[in-house]
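Have a look at the structure below before the remarks.
The values are calculated or read from the model by the stated rules, or taken from the named source; none is laboratory data. All values reported here derive from a predicted model rather than from experimental measurement. Here the Cβ positions follow ideal geometry from the backbone for every residue, glycine too, while neighbour counts run over all protein chains shown. Heads up: the accessible areas ignore ligands, DNA and RNA and are worked out on the full protein's heavy atoms, side chains in. Shrake-Rupley method; radii C 1.70, N 1.55, O 1.52, S 1.80 Å.
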Amino acid sequence: MYELKEPGGKSVCLSSGTAGEALEKLGLKGGAVAAMLNGRAVDLTAEIGESGDITPIAADSEEGLDILRHSAAHLMAQAVSELYPGTRYGVGPSIKDGFYYDMEIPGGITEEDLPKIEKEMRRLAKRAIPVERREMTGEEALAYFREKDDPYKVEIISELEEDHVSLYFQGDYADLCRGPHVPNTSWVKHFRLLSVAGAYWRGDEKNIMLTRVYGTAFAAEEALEAYIRRMEEAKSRDHRRLGRELDLFSLQNEGPGFPFFHPKGMVIMNCLVDFWKKEHTKRGYSEIRTPLILDRDLWIRSGHWDHYRENMYFTEIDEQPFAIKPMNCPGGMLVYKTQLRSYRDLPMRMAELGVVHRHERSGVLHGLMRVRCFTQDDAHLYCRPDQVKDEIIGIMKLCDYIYRDVFGFRYTMELSTRPENSMGSEEQWAIAENALKQALEETGSEYRLNAGDGAFYGPKIDFHLEDCIGRTWQCGTIQLDFQMPEKFDLSYVGADGKEHRPVMLHRTVLGSLERFFGILVENFAGSFPYWIAPVQVRILPVSGEFADYAGTVAAELRASGIRVEVDERDEKLGKKIRDAQTQKIPYMVVVGEKERESGGVAPRERSRGDLGSMSMKQFREVLAEEFNPLKS
RNA sequence: GCCGGUGUAGCUCAGCAGGUAGAGCAGCUGACUUGUAAUCAGCAGGUCCCCGGUUCGAGUCCGGGUGCCGGCUCCA
C-alpha cells in the first residue's frame, strides 16, 4: 500500500495505480498536466511506486507550461515526420514563452509551410494519440535511433552518463526525453507556430545548420491570444520604429551598423551624458579622452592583435600600420603611464566616453542595440589589491542607482569566468574570479554564472537590461584585469618606497550609449521622462491670431532652459493636440483668447490631459516639480 | 559569417497571368480662423536596392551583389 498526501492535508491509500488516478481520488486532477511526486515531476500516467507527497502541476503554472510546450514540440516533430519523411531530429526544448525543435528536414521548409504543419498537428492532436514513456538501456535506445537513422539522437545518447534513458512514444514517433509529458496528444490544444530559422547543431558554427521551428503553446486560447497580441504591441515600441517616427536617429544603407543621430536624438544623448558626468564627478572620477586611431604595435602589445584582431579595423598612415580602437584600455593606460603614480593616488578612477569601432559580423547588427561604432561610458580604475572589492561594490551601487532609481529598469547580473582563448595564469584568474564573486555575495546580489564567457584578459560581472520583447542586452560590465598592467608595466610607488603593480578594473555602466539609448526608447515606448524629452513643451495657438502670444510664451520658457516648440501650422486645435500626442511630447500648452488676455496658459499633460487654465508662474511650478536628476 | 524571409514616393503599403507605376498619411499651395486626439480642395513627388541575364518588352522571371527583418554563432 502506498499512502499519498497532498499539501492540503488530505491523503489517499492505493495498492496500485497512476499519479493521475491518485490525484483524481484526492479531487485534484482538474487542470493538471503532470504531478509532483516527492519533489519529482512525473507523468499522470506514471505508476505510483512509493508513498509520500503528491501535488498537481497545473497547466497554466510555470512548470505546467513548460511540460505543455515540451509536448507541443514533440507533437510538432511528429507532424513534421508525417509530412516530411526522412527528417532527422536534433533537440526540441521548451523555452521562455514557447518551444522550438531543431530538425534536418529533407528539402528544407519556409514559413509558408508552417500552416500546413500546424494543420497536421491539430489532426494528430484530435486523434488523442497516447503518449507513452518507456525506459530502456542506453544500448537499446542507441539501437532504436540507429534503426531510425537519426545520428543526432545517437550522438546525444552516446554522450549520456546514465545507463538508463527514457523515450516517449506517440504513434510511430518517439523521442529521447526526460519528461514528463501530457498523457495524450489531445492535451496540446492552444498552440501556434511562429517562425523558421537556422540553428547550428549543438550551437557550434562548425557544425551543420539545422532548421529550427519556433512555436508557442498555452493552457488556454485566451492566454495564447493575449501573448500574440502582446508581441504585436511590442512592435510598436521597437526602438527602430520609434527612432524614425520620433525623428531621433536613422540607419542608412551607406553606413551599415553606423547610426546617425538626429537633433532630437542628440538632445536625449546629451542629457544622458550630462547626467553621467555629474554622477561620475560626485563619485571621484576624472575624465580623459584618447585617440580613435593608434599605432598597431600598441595593439600587439596589449594582446588585442592576438585575441581580438578579427573584430578590428586597420588603416595606414604614411605607410605605417595603425588600428582603429575597438577598446579604450590601451590608450587609457598610456595616460596612466605619463606620470609616476603614488599609492596615495589610488584608487584612481579615470573615465572616458570612448568611441570604439568593432567589426561585427553582418548578421548580428540590430538597430542601435548591436552596431559597429559605439560610445562606451568606459572607466579604468587602478587600485591596490586591498581596494579592489570596495571599488567593485562602488560600481555595482552606481549601476543600481542609474538603472533602478533613475530609470526604473529591471536588470539581471551575470558572472563570466575564464574563456578558452585567454591570457594569464590559473592563479591570477582564480584570484580575479574570487574577488568578483565576493563582491556579489557581500552585496547579496542574485546572479547567474556564465562559465567561460569572460573577456580574454579577465573575468567580469555583466548587467543585462531587457528590450520590448524580452530579449536581454548587456549594458554595464565590471572586468577585473591583471594582464594589461603587466603587459604595459604599470606601477605605483608604495608606502615602502618600492614599485608595485596596480590592479586594473575596466567598467561601463550604460555600456554603449547607443544600446542604452535603444533600451531607453523601448522601455519608455518613446514617452521619455520630462528631463530627457527632446521637446518638453509644445505651444499650440488656437488659431493664427495667437501666434504672437505663443511666441512670447515660448521665448519666456526657453529663456529658462526649457525645450519649447510652437506649432504654428494653420490647423485646428484637435489636430495639433493629436500630433503633439503622437510625438509623445510631455506638455502641450494651449493659448487662445482667454490666455492672451490673462497672460496665462492652458497646459495639457500627455497622459493626464487638460490641466486647466493657469498663470505662467503656476505652470513653471508644475514643470519644476518634474523629476530631474540633472538639477540635484 | 551561416539559415530563412524581404527591399516599390519621406512613411505604411497595393501592383502576385512579364506590356514603361498607384492609394492613404506626410509635404507644398489655396480656402476656412479654428478651444482639447485627424477641416476641405488642388498640386507635386518614384534610377520600382544595385549589376548582369532571359525576352520584341522586366517592378514582375533567372543569376550575383548589397541593405534590412527573424534566428544561430558572436557580443557593449
* Please note which helices (runs of 4 or more DSSP H) are completely contained in segment A:196-300 and include at least 3 residues that are within 12 Å of RNA strand B (Cβ to nearest atom) and closer than 30 Å to A:Lys631 by Cβ. => A:239-245
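Restricting attention to segment A:338-373, report how many residues are assigned to a loop (DSSP other than H, G, I, E, B) and free of Cβ contacts under 8 Å to residues at least 12 places away in the same chain.
Here is the first cut: in segment A:338-373, the ones assigned to a loop (DSSP other than H, G, I, E, B) are A:338-340, A:346-347, A:358-361, A:365, A:367-369, A:371-372.
Retained after the next criterion (residues that are free of Cβ contacts under 8 Å to residues at least 12 places away in the same chain): A:338-339, A:361.
Residues flagged as assigned to a loop (DSSP other than H, G, I, E, B) and free of Cβ contacts under 8 Å to residues at least 12 places away in the same chain within segment A:338-373 amount to 3.
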* Residues of segment A:519-578 classified as free of Cβ contacts under 8 Å to residues at least 40 places away in the same chain, under 19 Å from A:Asn628 (Cβ atoms) and surrounded by fewer than 17 Cβ atoms within 10 Å (Cβ to Cβ), total -> 3
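Which one is nearest to RNA strand B (Cβ to nearest atom), of the residues in segment A:458-492 that are acidic (Asp, Glu) and in a strand (DSSP E or B)? Before you say what the answer is, go through the steps one by one.
Just the residues of segment A:458-492 that are acidic (Asp, Glu), to begin with: A:462, A:466-467, A:481, A:486, A:489.
When the remaining residues are screened for being in a strand (DSSP E or B), the result is A:462, A:466, A:481.
On the way: A:Asp462: 6, A:Glu466: 12, A:Asp481: 12 Å.
The qualifying residue nearest to RNA strand B (Cβ to nearest atom) is A:Asp462.
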* To do: Would you be able to tell me the number of residues in segment A:88-131 that are closer than 28 Å to A:Ala226 by Cβ, in contact with a Leu (Cβ under 7 Å, 6 or more places away or on another chain) and either open to solvent by 50 Å² or more (accessible area, probe 1.4 Å) or assigned to a helix (DSSP H, G or I) (or both)?
  => 8
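Results for (1) of a type in the set (S, T, N, Q); (2) more than 10 Å from RNA strand B (Cβ to nearest atom); (3) in contact with a strand residue (DSSP E or B) (Cβ under 9 Å, 6 or more places away or on another chain), shown as yes or no for each residue.
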site: A:Gly494; (1), (2), (3): no, yes, yes
site: A:Glu499; (1), (2), (3): no, yes, yes
site: A:Glu514; (1), (2), (3): no, no, yes
site: A:Leu520; (1), (2), (3): no, yes, no
site: A:Ala554; (1), (2), (3): no, yes, yes
site: A:Ile562; (1), (2), (3): no, yes, yes
site: A:Lys572; (1), (2), (3): no, no, no
site: A:Ile577; (1), (2), (3): no, no, yes
* Asked: Quick check: is even one residue across segment A:198-208 without any contact (Cβ under 8 Å) to a residue 12 or more places away in the chain, open to solvent by 40 Å² or more (accessible area, probe 1.4 Å) and of a type in the set (Gly, Ala, Ser)?
  -> yes
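Select from segment A:430-467 the residues that are of a type in the set (Ser, Thr, Tyr) and open to solvent by less than 30 Å² (accessible area, probe 1.4 Å) and list them in ascending order. Write out each step before concluding.
Of segment A:430-467, the ones of a type in the set (Ser, Thr, Tyr) are A:443, A:445, A:447, A:457.
Listed by number, the residues that qualify are A:Ser445, A:Tyr457.
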* If you go through segment A:245-265 one residue at a time, how many are surrounded by 14 or more Cβ atoms within 10 Å (Cβ to Cβ) and in contact with a strand residue (DSSP E or B) (Cβ under 9 Å, 6 or more places away or on another chain)? -> 11
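Matching residues to (1) over 19 Å from A:Leu14 (Cβ atoms); (2) at pLDDT 90 or above; (3) in contact with a strand residue (DSSP E or B) (Cβ under 9 Å, 6 or more places away or on another chain); (4) not in a strand (DSSP E or B):
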{"residue": "A:Val33", "(1), (2), (3), (4)": "yes, yes, yes, no"}
{"residue": "A:Ala41", "(1), (2), (3), (4)": "yes, yes, yes, no"}
{"residue": "A:Leu44", "(1), (2), (3), (4)": "no, yes, yes, yes"}
{"residue": "A:Gly49", "(1), (2), (3), (4)": "no, no, yes, yes"}
{"residue": "A:Leu65", "(1), (2), (3), (4)": "yes, yes, yes, yes"}
{"residue": "A:Arg69", "(1), (2), (3), (4)": "yes, yes, yes, yes"}
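Inspect segment A:55-68 for any residue being more than 19 Å from A:Ala220 (Cα to Cα), without any contact (Cβ under 8 Å) to a residue 60 or more places away in the chain and β-branched (Val, Ile, Thr) and give the result as yes or no.
Taking segment A:55-68 first, the residues more than 19 Å from A:Ala220 (Cα to Cα) are A:55.
Now narrow it down to the ones that are without any contact (Cβ under 8 Å) to a residue 60 or more places away in the chain: A:55.
Next cut, β-branched (Val, Ile, Thr) only: A:55.
Yes: one or more hits.
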